[in-house]
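Everything below concerns the one structure shown next.
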Amino acid sequence: MKELTVWLDYGMADFGRRGPASGLALPVKALDAEGSVLSEGAASVDLPARLQVPDTTDLAFVRLTWPSGHSETQRVDLRAQPKPSVRFNDSRIAPNEWSAWAIPKLNPQTPLARAERSIDLGLDRFDKVWLRLWRFDRETWKKQTLQPEQTYRSGAAWQLDLRLDAAPWLLQIGGSLVTWRLVSLPGGGPARVLITPKDSNDPRADALKVVVTGFRADAETLLEFLARDALRAVDALAGSAALAQQLFAEKFEDPLSAVAGAYYLLRFDAWDRVPLRWFETLSRSFEWLPDAALVHCIRLLREGATPRGTSPGPHELFAQSLQRGWPIYAEGVTLLHEAAASLRGSFARSDPTPFERARALGTARAWAGAAASFYGRSPDEPSPLQWVGMPRAPRRRRLDPALMAPSEGRSAGSSLAFAESAPKRRAPPKSPNPRAIRVPSGDEFLLGNIKR
Amino acid sequence: MTLLHDATVAGQPGTHVLAIGVGTYPHLLGGSKKLANKPLGLKQLQSPPVSLKALLDWFMTPPAANGNAAGSFVNAQAPLASVAALASSDPALVIGAPQGAKTLDPATRQNIQLAFEAWLDRLKSHPDNIGVFYFCGHGLEVSDHYLLAEDFGQSNAQPWTQAFDISMTMRAVEREVAGTVYYFIDACREIARDVAATLGANPASLFAVDLNKKVVRKSLTAIFATGEGELAFAPQGGAVSRFTAALLCAMSGYCGIKAAGSATWNVDGEGIANAVRQLMEYDALDMAGKPGSGLQVSAQSIQGISVPLLRLPAAPKVKVRLDLTPAQRRALYEIYLLSTQGNRVAQSLVDQVFKIDVPRGFYEIGATDPAGALPAVVHAQEELMPPMYSLTLQSHP
């Protein structure tokens, strides 16, 4: 076999400074001219990938893949070099060093990826978009003053650097043209949020995209791929089972990375590769972390019959997870819903509230890559109903056409119950909610507050 | 249930298909029977029987008859073992089967239940079996996906008894079946999620989840068509739905990975999901501005290890779409592709987008002016990955 070394020179995309965990790693593949895979692995900023290809290989193509799906391919003539190697660097992307980290997570067509300093996406139109920060404390979401340590702004994006203690956190965003949405932030250290106008034609996309990092490059990259069901890429990340076990083993250093490892193991049905007590220790030792109780719950559910006397059991763990707040990661929202649906029968007999809360979150789900995100007017009320406007003057973003136009269904007596009343006729988008009290919005953090 | 094909060999793994298409809903708008008290604005559908037939024809046409292995079901490790189907259409749907033409039984809730249980029993017969469950008809999504049988609306007292929860069904099956299951759910949401959430829908699943059993399935892939509104379903006039068309195209040689050491190009859930999504985007590109156009999207859920649905002998193809700007120069250029093996294809001096299918691989793509007056445009190394590749070449002055 021949060895082909793949280097990842991603200085800027690796946050520009080192975070608490290992540096950024991305999956790489060596392919032949037909596109067959010769070898695959992961290259990180700390360690190159060493791919073994057959001795008969003269020409290979090395492909690097981002979580967004973007790929870069380089051709390698293995005859020409005694020690063939390939280098991928990020020098051509993101003239703004501060936003480079987010580019691998954004749509491949994102303007941020262009090496142009003059990009102008008209961010002024979003100056009145507001942000709110929420922290979960003693089973209640409490609004916090948003005071970023640092902010950045270019013609294409805003960015905020925060420092968050060990608790569940949510960033809420909204505006006249921006549907109210909440995005989970990783507590227990520094966090960075990048906001940029939407960059895809997907009809489900929100007006503003929110990308989050807690500076856990390896764990977050794994979760970003998981969120997109890019399971081959997940598997290639340095033999992901080994990575996942390593993340899990280091739970006391970084519980959020441990949770990422657990999510991998659950997705790939490899949850029995680590002792059950690891899950138990994680959920017991980090009572502030909803995902810790959740992965433990799912682990028990996947295994089937829980031995008598096992405590806590799946029901208790499910309830614990909800008592700790909403999952930090999108994978957790999926699993919370799985747990709720699986345990639904027992909840109906006692108190259906936990099931209904989890179901509401699943119904209100939004997209923010690996971070959990949902629509709603407040952290306590995930809802698929979409709201826009200033915080104290919310209005419905859209009304279902079937409700407004006369139709056979309506005349034949169809009726659709609503949690919130719908107007009888099409209302202009700017009609205020008549029950809202208009107050000056001077106390809100606005994107316009962030200057270049 | 109508069993169209049964080649199950005891003790050997196989692929078992259950396909359901519901176009006629007698108790919904335009139906032939008593209208439900709450028809939810739902009407009769033209596409599902057509889509179902296309899918069944695809599965049941052997590669030899097709002359093209990539256009048929091919999996030597889990060959096609059984195909069962239900269809609600007017007139009833007749499918050609090895034993002769068969009229499909209607997709009532009870028939779906019986067909599903029979299919599940077949799946359980070997740990390496692969199951394919396909549904095309009305559905709605809250946090789970609910699908409507033909007789939905028959009971006003219990409106949801003629529907079923496919999401919970999947959760149940993964504790019953050790093999692999693929779910293709072509049920566009004509009821928006925020409205669906208020309906109090609570249909039962086709199988109850037994939490005392361990999750044993190897792999699960579920791909959903998630467009909103009737127009997202299909081109007008009773054609194959966009989602099903994309699915069949993807499986017909427009996706596949050949891993190191593998003898075949394997098509698994991730590959199919990516291909379906991209093919629908491509379709939207071609349909832009035409009646019934609009971006249709899909969603997927993939769990477990990769177990291919198809194992193909040849490299997958790529639908290539090459354009050149400014448009007035198109007819002045020859647009070409040159593979690393030296194979060249071109479109010369034609004022249209160059569309062609080529095998996946690495190509030089360019445009040259035979007259030599205009600058050449060259992209020296482009990786053409299935299912599609689109590039606009730019001829600068």
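Observations on the model:
- Per-residue mean of C-beta atoms belonging to partner chains within 10 Å, peptide B:169-177: 1
- For chain B, the membrane-span-like helices by this rule, meaning whole DSSP H stretches whose C-alpha atoms cover at least 18 Å of axis and whose Kyte-Doolittle mean is 0.5 or above, are B:47-60; this says nothing about an actual membrane.
- Using alpha carbons only: equivalent-ellipsoid semi-axes of region A:277-390, gyration tensor based, whole Å: 26, 16, 11
- Rg/Rg_globular for region A:212-284, with Rg_globular taken as 2.2 N^0.38 Å and Rg from C-alpha atoms: 1.01
- Based on the Stokes-Einstein relation at 37 °C and a viscosity of 0.692 mPa s, and on the Kirkwood radius from alpha carbon pairs, region A:141-285 is assigned a translational diffusion coefficient of 194 µm²/s.
- Calculated SAXS-style log₁₀ I(q)/I(0) at q = 0.07, 0.14 Å⁻¹ - chain B, Debye, Cα scatterers: -0.36, -1.20
- Taking every residue in B:207-213 and counting other chain Cβ atoms within 10 Å of its Cβ, the average works out to 4.
- Computed FRET value (nearest 0.05) for B:Ala101 with A:Glu250, which takes r as the C-beta separation and R₀ as 56 Å: 0.30
- A DSSP coil position with no more than 16 other Cβ atoms inside 10 Å describes the following trypsin sites (Lys or Arg not before Pro) in region A:150-248: A:Lys198, A:Arg204.
- Paramagnetic reach from A:Leu276 (point 7 Å along Cα→Cβ, amide N under 12 Å) across region A:313-327: A:313-314
- Cross-link pairs A:Lys198/B:Lys355; A:Lys2/A:Lys105; A:Lys128/A:Lys209; B:Lys124/B:Lys213; B:Lys53/B:Lys214 - those with Cα-Cα distance over 26 Å: A:Lys198/B:Lys355; A:Lys2/A:Lys105; B:Lys53/B:Lys214
- Cα gyration tensor category, rounded, prolate or oblate, for region B:312-367 with a/c compared to 1.5: prolate
- When the inverse distances between all different Cα atoms of region A:65-201 are averaged and flipped, the Kirkwood radius reads 17.4 angstrom.
- Anchor B:Lys33: lysines whose Cα lies under 18 Å away (excluding residues fewer than 8 positions away in-chain): B:Lys43
- Selection of trypsin sites (Lys or Arg not before Pro), region B:1-104, meeting DSSP coil and at most 16 other Cβ within 10 Å: B:Lys33, B:Lys34
- Here the sum of -39500 (n - 2.57) over DSSP H runs of 4 or more residues, divided by the residues of chain B, equals -5500 deg cm²/dmol at 222 nm, to the nearest 500.
- Estimated at 0.36 nm per residue, the fully extended path between B:Ala284 and B:Val9 surpasses their Cα-Cα distance by 94.7 nm.
- When the Gaussian network model of chain B links Cα atoms closer than 10 Å, the mean-square fluctuations of B:His27, B:His145, B:His379 top out at B:His379.
- When you filter the trypsin sites (Lys or Arg not before Pro) in region A:284-348 for DSSP loop state and at most 13 other Cβ atoms inside 10 Å of their Cβ, you are left with A:Arg308.
- All alpha carbon pair distances within the protein assembly as shown were sorted into 20 Å bins beginning at 0; the resulting P(r) in whole percents reads 14, 47, 35, 3, 0.
- A simple spin-label model places the labels of B:Thr325 and B:Gln110 6.1 nm from each other, with each point 7 Å out along Cα-to-Cβ.
- Amide hydrogen neighbours beyond the local backbone of B:Cys255, cut-off 5 Å, H modeled: B:Lys317
- Dipole magnitude (debye, nearest 20) for chain B, charges at Cβ of Lys, Arg, Asp, Glu: 280 debye
- Of all beta bridges that DSSP places with both ends in the protein assembly as shown, some 70 percent have antiparallel geometry.
- Selected from A:Gln150, A:Leu177, A:Leu237, residue furthest toward positive end of dipole (region A:143-282; charges at beta carbon): A:Leu177
- Computed on the Cα atoms alone, the convex hull of region B:142-190 gives a volume of 106 cubic angstrom per residue.
- With R₀ fixed at 56 Å, the C-beta to C-beta distance from A:Ser118 to A:Met1 puts the FRET efficiency at about 0.75.
- The alpha carbon convex hull volume per residue for region B:1-148 rounds to 129 Å³.
- Residues of region A:367-383 with amide N under 15 Å of a point placed 7 Å along Cα→Cβ from A:Ala205: A:367-369
- Shielding of peptide A:32-43 by partners, expressed as the average count of other chain Cβ atoms within 10 Å per residue Cβ, is 5.
- Under the convention that each Lys and Arg Cβ holds +1 and each Asp and Glu Cβ holds -1, the size of the dipole of region A:236-364 around its Cα centre is about 320 debye.
- Selected from B:Thr103, B:Thr198, B:Thr264 as most flexible by GNM, with chain B as the system and alpha-carbon contacts under 10 Å: B:Thr198
- Note on region B:92-181: Cα-only Rg and Dmax are 14.9, 43 Å.
- Taking other residues whose beta carbon is less than 10 angstrom from the beta carbon of A:Leu231, and scoring Lys, Arg as +1 and Asp, Glu as -1, yields -1.
- Only Lys, Arg (+1) and Asp, Glu (-1) charged, at Cβ; region B:296-397 dipole about Cα centre in debye: 320 debye
Computed from the coordinates by the stated procedures, all read-outs in this text should not be read as laboratory data. In this text, all values refer to a predicted model and were calculated from it rather than measured experimentally. Please note: Cβ atoms are built from the backbone with ideal geometry, for glycine as well, and neighbour counts cover all protein chains shown.
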